[in-house]
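*Asks:* Here's a structure for you.
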Amino acid sequence: FYFYSAPENFNEEMLRGKRVIVTGASSGIGEQMAYHLARMEAHLLLTARTEAKLQKVVERCLELGAASARYISGSMDSPSLPEQVLREAENTWGGLDMLILNHIGQSGFTYFSGDVGHVRKLLETNFVSYVALATAALPMLKESEGSIVVVSSIAGKIAGPFTAPYSATKFALDGFFSSLRQELIIDKVNVSITLCILGYINTESAVRAVSHVIPDTPAPKEECALEIIRAGVLRRRELHYPGSSVGTMLLLHSIAPELLDSIVRSSYRLENVQRT
Ligand SMILES: NC(=O)C1=CN([C@@H]2O[C@H](COP(=O)(O)OP(=O)(O)OC[C@H]3O[C@@H](n4cnc5c(N)ncnc54)[C@H](OP(=O)(O)O)[C@@H]3O)[C@@H](O)[C@H]2O)C=CC1
Ligand SMILES: C[C@H](CCC(=O)O)[C@H]1CC[C@H]2[C@@H]3C(=O)C[C@@H]4C[C@H](O)CC[C@]4(C)[C@H]3CC[C@]12C
């Protein structure tokens with residue numbers, strides 16, 4: 001317990017000069033994490049597919065005070081990209097303090113269409129690439145006693161309708177990284193793994209995908225991004241954000257799962273769900 005006890009208080013100076021990789025940093029929560037980390041004067045390596053967007057995010061990070069900022073563009077369904085990203089970190093920084101795994105491939109909010117190819121590809125992007133990135137990063141993280149932060153979803157703990165392939169990829173992350181965390185502890189390797197269980201957040205892509213079906217007000221991406229960084233730095237096992245809605249759903253799921261399922265179904269505007 002003593003060996004793994006985390007610092008209690010978060011202080012933005014804890015990130016000054018730290019070497020951080022953020023995936024999926026061209027938009028949404030990943031972009032906001034990059035801006036927070038830049039203000040905190042971290043060194044940043046950002047990834048996503050769209051080079052033009054990454055260039056703009058890197059420029060903004062430098063304006064905000066990042067110790068350094070660079071990017072690598074490419075799709076995480078390519079098996080060579082994870083190694084390439086970690087090689088870049090090793091060559092430019094000679095080490096790594098924090099790996100934030102955040103990217104996701106495109107998936108709709110609709111009935112499962114039967115497209116097994118889509119499930120396979122999404123597993124590659126949302127799950128296998130996370131495993132490959134963490135595997136390539138572990139030697140450097142062991143050296144620095146660093147942190148892996150895995151951005152997941154309430155859909156990776158409780159399966160609601162219209163997210164079958166996406167939800168499967170997020171459940172897989174919990175299985176893999178929660179098992180790996182146990183192994184690191186058994187081996188007395190001081191690398192923390194933080195699994196972030198997020199509810200509905202107001203990123204453009206999420207609002208576009210679900211606002212016609214889910215009437216709830218999404219939580220702010222800026223605050224969400226800061227909470228993810230804080231949980232990683234404090235070496236928390238899990239983050240639940242927003243705490244009230246995610247906490248309530250997890251509690252209800254553990255005591256009355258069928259009741260929760262029926263509440264979820266009845267809260268959706270089912271008539272607006274398009275079949276593909
Ligand atoms: N927003 C929400 O309501 C919730 C979000 N989450 C989680 O938060 C994280 C961020 O979500 P959010 O910010 O909403 O997502 P966004 O869609 O805003 O961002 C996704 C990022 O991933 C990148 N990306 C997309 N496809 C690929 C690919 N094939 N290879 C590499 N990068 C790719 C995108 O950039 P580009 O297109 O340039 O590649 C972008 O930078 C995800 O892990 C998501 O599961 C969890 C629960 C709720
Ligand atoms: C509605 C869900 C939770 C209940 C609530 O009202 O709080 C949302 C919680 C997680 C969301 C999904 C998610 O994890 C991100 C996906 C991102 C994609 O770009 C499309 C949308 C999501 C499937 C999103 C949909 C709403 C939630 C299931």
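*Asks:* Against the longest principal axis of the chain, how steep is helix 257-267, in degrees 0 to 90 to the nearest 10, with axes from Cα atoms?
*Replies:* 80
*Asks:* Tell me what the chain gives for mean residue ellipticity at 222 nm when only DSSP H runs of n ≥ 4 count, each as -39,500 (n - 2.57), the sum divided by the residue total, rounded to 500 deg cm²/dmol.
*Replies:* Calculated mean residue ellipticity at 222 nm is -15000 deg cm²/dmol.
*Asks:* Can you tell which of ILE21, ILE148, ILE158 shows the greatest fluctuation in a Gaussian network model of the chain with Cα springs below 10 Å?
*Replies:* Its mean-square fluctuation being the largest, the pick is ILE158.
*Asks:* Moving to a separate point now. Hey, could you pull the Cα Rg and Dmax for region 90-201, both in Å?
*Replies:* Gyration radius and largest Cα-Cα distance of region 90-201: 15.2, 46 Å.
*Asks:* Then there is this: Could you give log10 I(q)/I(0) at q = 0.16, 0.17, 0.25 Å⁻¹ for region 36-121, computed by the Debye formula over C-alpha point scatterers of equal weight, without solvent?
*Replies:* -0.73, -0.79, -1.33
*Asks:* Using a Gaussian network for the chain with springs between C-alpha atoms less than 10 Å apart, which of these wobbles most: VAL213, VAL22, VAL128?
*Replies:* VAL213
*Asks:* ILE29: net charge of surrounding residues, Cβ under 13 Å, Lys/Arg +1, Asp/Glu -1, itself excluded?
*Replies:* -4
*Asks:* Further question on the same structure: Among residues other than SER153 whose Cβ falls under 15 Å from its Cβ, what is the net charge (Lys/Arg +1, Asp/Glu -1)?
*Replies:* -1
*Asks:* Follow-up question, since we're still on this one. For the chain, what is the number of Lys pairs with C-alpha distance below 17 angstrom, counting only pairs 8 or more positions apart or on separate chains?
*Replies:* So the count works out to 4.
*Asks:* So what is the relative contact order of region 57-170, in percent, for Cα pairs below 8 Å that sit 6 or more residues apart?
*Replies:* Relative contact order, region 57-170: 33 percent.
*Asks:* Taking the chain on its own, what percent of its Cα-Cα pair distances exceed 37 Å?
*Replies:* 11
*Asks:* Quote the relative contact order of the chain in percent (integer), defining contacts as alpha-carbon pairs under 8 Å separated by 6+ residues.
*Replies:* Across the chain, relative contact order equals 19 percent.
*Asks:* A further question follows. Under the 0.36 nm per residue contour assumption, what length would be gained going from the current alpha-carbon distance of ARG60 and SER78 to full extension?
*Replies:* 3.7 nm
*Asks:* Shifting gears a bit: Just to be sure I understand the model, the point goes 7 Å from the Cα along the line to the Cβ. What's the resulting ARG265 to VAL207 distance in nm?
*Replies:* 3.1
*Asks:* Which of these, LEU184, LEU133, LEU239, has the largest mean-square fluctuation under a Gaussian network model of the chain (Cα springs below 10 Å)?
*Replies:* Residue with maximal mean-square fluctuation among LEU184, LEU133, LEU239: LEU184.
Read-outs: derived from the displayed coordinates by stated rules, not from any lab. On a predicted model such as this, the values are computed, not experimentally measured, just so you know. Positions of Cβ are generated from backbone atoms using ideal geometry, with glycine treated the same way; all protein chains shown enter the neighbour counts.
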